[in-house]
Each structure stands twice: as structure tokens, then as C-alpha cells.
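Structure record follows, encoded as C-alpha cells.
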Amino acid sequence: YISTNRSTVFLPASGDMVVNTVHWFRKGLRLHDNPSLRDSIRASDTLRCVYILDPWFAGSSNVGINRWRFLLQCLEDLDASLRKLNSRLFVIRGQPTDVFPRLFKEWQVSRLSYEYDSEPFGKERDGALRKLADEAGVEVMVRISHTLYDLDKIIELNAGQPPLTYKRFQVLLTCMDAVDLPTETITSEVIKKCTTPIAADHDDKFGVPSLEELGFETEGLTTAVWPGGETEALVRLERHLERKAWVANFERPRMNATSLMASPTGLSPYLRFGCLSCRLFYFKLTDLYKKMKKNSTPPLSLYGQLLWREFFYTTATNNPCFDKMEGNPMCVQIPWDRNPEALSKWVEGQTGFPWIDAIMTQLRQEGWIHHLARHAVACFLTRGDLWIRWEEGMKVFEELLLDADWSVNAGNWMWLSCSSFFQQFFHCYCPVGFGRRTDPNGEYIRRYLPILRGFPAKYIYDPWNAPEEVQKAAKCIIGVQYPKPMVNHAEASRANIERMRQIYQQLSSYRGLGRDDSDTPTLLMFVVCAKHSNIFPVLLQAYWQPYLPIQTMVQVAATLQESTRGPVTVQESPLRSCPSGRECLGQVQVSWLTYNTIHLHFTW
């Protein structure tokens, strides 16, 4: 063997260096469009594909059995695909920072590759691992393929700050380079002479474990509605694209009872685990649209599912507190109630509102619910009825939803609870009327709440209003076999809308911490400092009282983004005096396209 500054490698008889490569699978559980795997194979002599399963994580994390089953099915499918290439998947128990130093030595690793992880905890983990690889002389190869774009470039375009609204995000995308084409699928032609050392006891040492081996009780577990794996993902993609009329006209699918059921064309869990490449989906949609529309350019709205996912990834990538209120500059600090009993009823589907309870039952049984059903239960838990912190709902979705992603899950909960992204707080989902409009006959309710199956459609969404003889005929007495409504929706929603109105009014016209109105003017003055050149951006300085919260500045910045179409940043700066006698607590930077100087006066 010889020693180099990169690694210690063994030499074959020819005298050439041997390159031993390890590819670390995390989310990108596929062989199609996997650029980090493809590039690492080049010039490699051996390849081992690993997945690290932390046994402590399996037993203690907030992840339910349906998600674990989906993951294990993904790993089994990936292993089967690798077998066809005379390779295998190595599933290894332990923590990455403990496992890899041992593997580097044992397998004499020269190169490590993996897909880029944009989420804060992933970047921290990968930074620690890269340091270990450097110490071991192992080359690290990373490629972006879980998102359509390089998220750092989007933020750079926005003056170093994440876009605060989806509309602003769409504007930034028009300035980005085109999405990269998917890379070729890993085949025997790609692997060529690269081999995988496989021992006779591979399955015993490195096989995919069962749910029972991970400590789960599987008695009574029903057949998976969503089978995991790349093979299933690609079949579903083709089914999805067969809906040519929808793609050609891009009409939003009409909401009905069928929409509420799991669809054989659904893709979200496969995108979350990386069984399906977002870029492949993107370009398949593009190609079909151009074919149906004779080469016309597709609108951004065609990619709505993908772009909302990308938006939340972008807003979360540099914010380790994105999944909580405290320490999160993007989140309005709302004084939610703490009500463990009410939370438990919501989680267990015992609210007394059949529409809400059926949704939560489907979620627990199948690991998926329609996006508008998610809106309904999220609104009910937070700003609509129960006034409970959105983090509590996020944790439940993290446990039960197959497609729950840290960034997307937290972002959606902030949005739906009106804690960020500027949702209209006065719009509230009715837990009776919404379901009735969607599924007038109540078939969805009957499927997931069989106790209510005997109620006629007239009463199935509000069975507490059914006369006693109707309840007896349905063999379900409300308050006995099925709970009464836990809240009066009309009263609770009115009260909560008023609470939210006051919170947002306070954010926009903050009058101080117990100070007299005469001492606290409501005028918030902005002065654009003119720069006598054509160089942009222009600096917009905000002068405000020193006790005004930074969240107000974030809200203002979002408004400015919409009106100026330029990047807006928020940062705290040292206090200093200004012409009005107020003090400067922050500054906003705007790329102004038409003005060098403008004075903006907002009364908040």
C-alpha cells in the first residue's frame, strides 16, 4: 500500500491506486437522478451504498409506525434495485459520527458522497462529518438534488435574506438559472467495472431490519395504503401524468369525496423520502405541457406543489428555530393557550365534530390526508377553535404524516395558524360546513367513523342536532357512543378572530409597554437615503421607538417586497438618532427600480 495526503489505499497488481467509495443514502432513496452517486462512481474501483439507522432514534423519535414502515420499504426496494447491479445496500446501526470513522478504516475509504441537505440540523451534522472525513484523508463529494434550485443562490438574490412571501419567492425564481436536467439513472453501464464487496453474511450484518426488530408492535397493522420505494414512485408518476386534461388545462382538481381518499397517483411521500426526484417530476410536467400546448412556456403555477415545497425549504435553510415560536424571527409571537385535555381530544379524533375526527382518524390509520383536510384540522386546533400552539399540531403531523418534512411541515403550520407568511386571519374553516360542501352525502365520515354510519346525510356532520329518535335509529347516542362538540364553533371562532385581530393590530401599531399614548406616537416613518448614482440597492432606514418589536419590522419588510419587487432585508443595528427624534432600531434594504429618493409614511 501507499500513503497519500488524501487517503491510504491498496494497490492492485497493476500498481494503480484503488479508489474505494462509500455513498451515504439519506433522503435521496433512488437510483434515478442521483448526481452525487453517479459522480462518485466515476473512477471508483469499489462502491458501497450505506444507510445509517440510529437505533436510539428508532425508539425515541416522534415518528409513527406508518412512517417507519414506509422507510423500510424504501430501503428494501433500493436494495433490490442494487442487487440487479450486483451491488447491495449496507444498513448500519449507529450514529453517523461514530459509524463513519470506523468504516473509513475498515473499508479503507477514499471517497464519500451524499446528497446535499439544506436543513439546518442536516448542515450541522454534515459539517461535523466532513471534518472527520478530512482528518481521515477522505474526499467528500456533495451534489444538490433534493431541491430544484440552489437555495443559497435564491437567498443571495434577495440580499441575503429569505423571501417572506410566496409571491416574492416566485419573483426571485424568474431571476434564477433554469432548473438542471435530471442525471442519468444508475445502470450497469454507469457502474461499469466498479464492484461491491459482498460477504456471505451480508444479510445478517447489513440487511434491512423489520419493524419488529426495531421494537414496533405490528399486530393489527393494516396493509400499507402507500407502499414505499422508488419502483412504486415511478409507477405513480406515470399514472399522475396520464391525467393529460388536467396538465393541459391546469385546472385545479375539484374537491369532492373521492379527493379525500388516498390516490394511486399521489406523490408527496415519495418526494419527501427522495424515492422520486423533484427534477424528474418537474421536467415530466414541462414536457407534457409543451406537448399538449404546442411548445408554449409553462406557467409557474403548473409546478405549485413543487414550488411551495421549495419555498419552505428556502425560508428554513438558515433558521434552526424554524420549527418553533421562540427565537424564530419569522414567527409572530402569539400567546396561545395551553390545554392538554383539548389537545388530546384533537389528536385522538374525539372533538365531537365528525369532519375533524374523520380526518384525524384517516391520518392515524393511513399516514396521509388531503391538503385541504390539513387546513381544516390545523385551523381548528389553532386560530379557529381551540387556540392551541401550532407547534403541538406540527409534532403530531411529524409523527403520523408520511410526507412530513421538517421545513415544509413547520412552514405550513406557521402559515395555517397565521403565525407567518401573512395568511388572512379572518378566514376560518367551519368544521361542519366545509365537510358538508365537500362531501354532501358524508361517505368520508362513514368510512372513518363507522359509529356514525347510521346517520342520514342531513345530520352526519352535526349529529348533535339530530332528534333523539334519529340518534336511536342510528344506534349512536351523542354524548354516549360519540362525544358532544367540545366547543361552540360560532362563539369560539368569533372570539379567536378578534384575538388575532388585536394581535396583528398590536404588531402594526405597537403603543409601548404600558406607556402613555401621548408619549408613544403611532407614526412609523421611513426615510430612503438618496444615493446620487444609479447604483442600487438603496438603503431604507426605519426610525421607530426602541421598544417596538423586531417582528414589526419583518412584517413591514414583507409589505415592501410586494410593492418594490426588490430584495428586502431586516437587520438590527446600533441605536442612533434620526431627524424625527426617534431612534433607529433596524434598517431595510430595497432594490428600487424607479426612484432614487422617496419618503414613505405609514400610520400603523
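Where a number appears in this text, it was derived from the coordinates with a stated rule and is not lab data. Small disclaimer: the values here were computed from a predicted structure and weren't measured. Neighbour counts run over all protein chains shown; Cβ positions are idealised from the backbone, glycine included.
Summary of computed values
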{"quantity": "Inter-site label distance for Gln365 and Met141 at 7 Å from Cα along Cβ, in nm", "calculated": "4.7 nm"}
{"quantity": "Listed pairs Lys27/Lys131; Lys167/Lys290; Lys123/Lys345 exceeding 26 Å between Cα atoms", "calculated": "Lys123/Lys345"}
{"quantity": "Fraction of the pair-distance distribution of region 78-197 above 26 Å, Cα-Cα pairs, percent", "calculated": "40 percent"}
{"quantity": "Lys pairs under 17 Å by Cα in region 364-502, provided they are eight or more residues apart or on distinct chains", "calculated": "4"}
{"quantity": "Convex hull projection area averaged over all views, region 259-321, Cα basis, nm²", "calculated": "6.1 nm²"}
{"quantity": "Per-pair calculated FRET efficiency, R0 = 25 Å: Phe426 and Ser259 via Cβ, rounded to 0.05", "calculated": "0.45"}
{"quantity": "Karplus (6.51, -1.76, 1.60) ³J(HN,Hα), θ = phi - 60°, over region 334-344, in Hz, Gly and Pro reported as x", "calculated": "8, x, 5, 7, 10, 9, x, 5, 5, 4, 4"}
{"quantity": "J(HN,Hα) series, region 483-491, from Karplus relation 6.51 cos²θ - 1.76 cosθ + 1.60, nearest Hz, glycine and proline x", "calculated": "x, 6, x, 6, 9, 8, 4, 4, 5"}
{"quantity": "In region 50-144, trypsin sites (Lys or Arg not before Pro) in a DSSP loop with at most 14 other beta-carbon atoms within 10 Å", "calculated": "Lys84"}
{"quantity": "Stretchable slack from Glu469 to Asn86, in nm (0.36 nm times residue separation minus alpha-carbon distance)", "calculated": "131.1 nm"}
{"quantity": "Full-stretch length increase - Ile198, Glu238 - with 0.36 nm per residue and alpha-carbon distance subtracted", "calculated": "11.0 nm"}
{"quantity": "Cα-projected label distance for Lys105 with Ser344, points at 7 Å along beta-carbon direction, nm", "calculated": "5.0 nm"}
{"quantity": "Computed label-point distance, nm, for sites Arg437 and Lys294 using a 7 Å Cα→Cβ extension", "calculated": "3.8 nm"}
{"quantity": "Peptides ranked, highest mean first, by Cβ atoms within 10 Å: ranges 34-45, 468-479, 381-392", "calculated": "381-392, 34-45, 468-479"}
{"quantity": "Cα-only radius of gyration and Dmax that characterise region 315-434, units Å", "calculated": "13.4, 40"}
